[in-house]
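Below is one structure, written out as structure tokens; comments come after it.
The values are calculated or read from the model by the stated rules, or taken from the named source; none is laboratory data. As the structure is a prediction and not an experimental result, all values here were calculated from the model. Note that we place each Cβ from the backbone using ideal geometry, even for glycine, and neighbour counts take in every protein chain shown. The protein model used for the area step is the full one, side chains on, heavy atoms only, and it has no ligands, DNA or RNA in it. Shrake-Rupley method; radii C 1.70, N 1.55, O 1.52, S 1.80 Å.
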Amino acid sequence: MQTYGIFAVTPRSIAIKDDKDTGWVADTKLAFMPGARAERKFTLEHMPTLKGAAQDGGKIKLEVTPRLDGEHLPSVYVSVHLRGNITVSNEGEVLCTTRVTLDELETAGLGVDTLLGSTLCLECTVSNQPTLNEVIQQELNRERQADVDAEPLLTGTGEGEELPDVSDQDPVTEVQDAPGTDEPLYVDAGPVPPRLTLDPREPGEDLPFNLPDTDGAAD
């Protein structure tokens, strides 16, 4: 389930009411815009996101982007509550009604007329349910932690025993035959030729050999 979405809406009507519990409120009937950009288009697949955001623990905000002389002003977010049922009109529009108090609108510097002349989006956040990717990542983290905490299968020559310390043993210097075979484990290849060790080059000192010319641009 998608736990976040922001969907383009357009107001169809606004009703001003005097609610006995919260005072004067504005109930706005909104229609999800079918021609919105893909990232802000509401489809029936997003219905659980909208309903989840309306439940306890979820959040719904109205993104209000006022227009002045054809130019958009900075967006303002106002918390709203979903009212009534989500319906589908005869024209196929998905409709919902949101409520906001006039005091909250005034605090945000908005008015009812501003809502009618603004670009609106409904931001839905379901805060009490992780996304599918978050669930998978949590499961992978638990498996990694279990692997780290698990004891190794072999701890030594027996349970609870440590591996023998071989640091003080003499290295093998003679040819040894493998048990049950006549072939040696390895063949002595003779003395190892001496290695050429180059000291770090000091400032102003030439290297003891010439480096190949790898800079083709210098030709």
Can you tell me how many residues in the range 1-26 are part of a strand (DSSP E or B) and within 25 Å of Asp113 (Cα to Cα)? 18
How do the pairs read when you match residues in the range 98-109 that are under 19 Å from Cys124 (Cα atoms) and in contact (Cβ under 8 Å) with a residue 24 or more places away in the chain with residues anywhere that are open to solvent by 50 Å² or more (accessible area, probe 1.4 Å) and outside any helix (DSSP H, G or I), using Cβ under 6 Å and keeping only pairs 6 or more apart or on different chains? Arg99/His81; Arg99/Arg83; Thr101/Thr22
Index of the failed condition, Thr114 passing every other in (1) open to solvent by 70 Å² or more (accessible area, probe 1.4 Å); (2) modelled with pLDDT under 90: (1)
Inspect the range 27-39 for any residue being of a type in the set (D, E, K, R), part of a strand (DSSP E or B) and surrounded by 14 or more Cβ atoms within 10 Å (Cβ to Cβ) and give the result as yes or no. yes
Could you list all residues from the range 40-70 that are of a type in the set (A, V, I, L, M) and open to solvent by 80 Å² or more (accessible area, probe 1.4 Å)? Leu44, Leu68
Being of a type outside the set (Lys, Arg) and modelled with pLDDT of 90 or more is true for just one of Glu71, Glu63. Which residue is that? Glu63
From Val76, Val126, residue being of a type in the set (Val, Ile, Thr), in contact (Cβ under 8 Å) with a residue 60 or more places away in the chain and open to solvent by less than 80 Å² (accessible area, probe 1.4 Å): Val126
Only one of Lys20, Lys59, Lys41 is among the basic types (Lys, Arg) and free of Cβ contacts under 8 Å to residues at least 12 places away in the same chain. Can you tell me which? Lys20
On the given criteria, is Arg12 touching a residue at least 60 places away in the same chain (Cβ under 8 Å), farther than 12 Å from Leu122 by Cβ, open to solvent by 20 Å² or more (accessible area, probe 1.4 Å) and charged (D, E, K, R)? yes
Check Trp24 against each of (1) out of contact with any helix residue (DSSP H, G or I) (no Cβ under 9 Å at 6 or more places or on another chain); (2) surrounded by 12 or more Cβ atoms within 10 Å (Cβ to Cβ); (3) not aliphatic (A, V, I, L, M) and name the one condition it does not meet. (1)
